[in-house]
Amino acid sequence: MAEITAALVKELRERSGVGMMDCKKALQETDGDITAAIDWLRAKGLSKAAKKADRVAAEGLVAVATREDGKGEIGAAIEFNAETDFVARNDLFQDAAKSFAQLGLEHHTVEAIHGATLESGSTVQDEVTRLIATIGENMQLRRAARLSVDEGVVASYVHNAVSPGVGRIGVLVALEGAGDKAALRELGRKIAMHVAATAPLSLNTDDLDPAAVEKERAVLTEKAREEGRPENMIDKIVSGQIAKFQKDVVLSKQPFVMNPDVTVEQLVADTAKELGSSNLKLAGFVRLALGEGVEKVEGPDFAAEVASMTAG
């Protein structure tokens, strides 16, 4: 039997677009013959995954996972995309998204998750390729994020959940400090719901992206000129508006949606007093919204097509 080298597997993967484990098996089944291996993959329905790789995947699911880690906790969120929301209702797709989020607790980047091994023995990358071939749509594990605290909680919330832990918007909120974990988790969940609704740009004013501030300043300056404001007053007017903009988009400064009389920052401080926790702080947040930043392309209604084929 021919030796199945890493270079041979790599070549077949590049030519077929199929995962490494399936490429290795194809070469083993065909005694190292690349052409025969491609035919073997086609016969198994695997090589068609490569043909779908250029199709836009802007639907799918966001999944979250959390776990305790000593006195602290770890949370992970991933975005797993497909071409249509029809696929998001598929149990195979939902289970895959959940398992990828669990791996995100250990692996910090999308690249690391791609190379991680599932209980089945397949890598995540190979599993994605297999799902593409099985379900028939392009898919992509697009984003991953992770939060952790040495003491405290990482709370989670999923908006528009289709099943536990998966939906269209996933949020993680890290609260660092001592205190009753159940109470901290309830506070974190409420803040996570707030984050889902308001989509803040940063945790604190100092964390705000300078480019976002300058973009807003340019818009407000142009607007002031269009309104005919005196040129020597524009800087002062815009500075005041920028201060308001920062309060609108900075999580700690936002009015809490469930009680606009207090800011999120004040909510955390008030809860810390109630719990007798002098060191409680809002340490971070993650918000992943499905398809954010992906240019969607209108196409045929896949669900309607399936329904019509079934009816026929």
*Roll a 1.4 Å probe over the protein heavy atoms and report the accessible area of I135 in Å², nearest 10.*
40
*asked:* Below 8 Å, C-alpha to C-alpha, sequence gap of six or more: please give me the relative contact order for the chain in percent.
replied: 18
*Between M21, M193, M139, find the one with the highest GNM mean-square fluctuation for the chain; connect C-alpha pairs within less than 10 Å.*
M21
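What do you get for GluC sites (Glu not before Pro) in the range 157-227 restricted to DSSP loop and a cutoff of at most 11 other Cβ within 10 Å of the site's Cβ? Present the calculation step by step, with values, prior to reporting the outcome.
Values: sites: E176, E186, E214, E216, E222, E226, E227; in loops: E227.
Listed in order of number, the matching sites are E227.
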*Springs between alpha-carbon atoms under 10 Å, Gaussian network over the chain: tell me which of A65, A37, A88 tops the mean-square fluctuations.*
A37
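Counting helices only, and only those DSSP H runs with n ≥ 4, report the 222 nm mean residue ellipticity of the chain as the sum of -39,500 (n - 2.57) divided by its residues, in deg cm²/dmol to the nearest 500.
Details: 13 runs with 147 residues, N = 312.
Rounded to the nearest 500, it is -14500 deg cm²/dmol.
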*Members of K215/K247; K223/K244; K190/K273; K25/K98 lying beyond 23 Å, as alpha-carbon distances in this model show*: K25/K98
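Taking the Cα centre of the chain as origin and charging only Cβ (+1 Lys, Arg; -1 Asp, Glu), how large is the dipole, in debye to the nearest 20?
On the way: 37 positive and 49 negative charges, 54 e Å.
Here the chain has a charge dipole of around 260 debye.
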_In degrees, nearest ten, helix 6-16 long axis to first principal axis of the chain (Cα)_ = 80
*asked:* Could you tell me the relative contact order of the range 127-269? Use alpha-carbon pairs under 8 Å, at least six residues apart, and round to a whole percent.
replied: 17
*Measuring with a 1.4 Å probe in the full set of protein chains, what accessible area per residue, in whole Å², belongs to the chain?*
52
_Calculate the FRET efficiency for M258 and D95 from the Cβ-Cβ distance with a Förster distance of 30 Å, rounded to the nearest 0.05._
0.35
*Please work out how much accessible surface E292 shows to a 1.4 Å probe, ignoring ligands, DNA and RNA, in Å² rounded to 10.*
80
*asked:* Using a Gaussian network model on the chain with a 10 Å cutoff between Cα atoms, which of F285, F86, F245 fluctuates the most?
replied: F245
*With a Förster radius of 41 Å, plug the Cβ-Cβ distance of E68 and A6 into 1/(1 + (r/R0)^6) and report the FRET value to the nearest 0.05.*
0.55
*asked:* For a test of the definition: using alpha carbon positions, the gyration tensor, and the 1.5 limit on a/c, classify the chain as rounded, prolate or oblate.
replied: prolate
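The values are calculated or read from the model by the stated rules, or taken from the named source; none is laboratory data. These numbers were taken from a predicted model, which means no experiment stands behind them. Cβ sites come from the backbone with ideal geometry, for glycine too, and all protein chains shown count toward neighbours. For the accessible areas, the whole protein counts, side chains as well, though only heavy atoms, and no ligand, DNA or RNA atoms are used. Shrake-Rupley method; radii C 1.70, N 1.55, O 1.52, S 1.80 Å.
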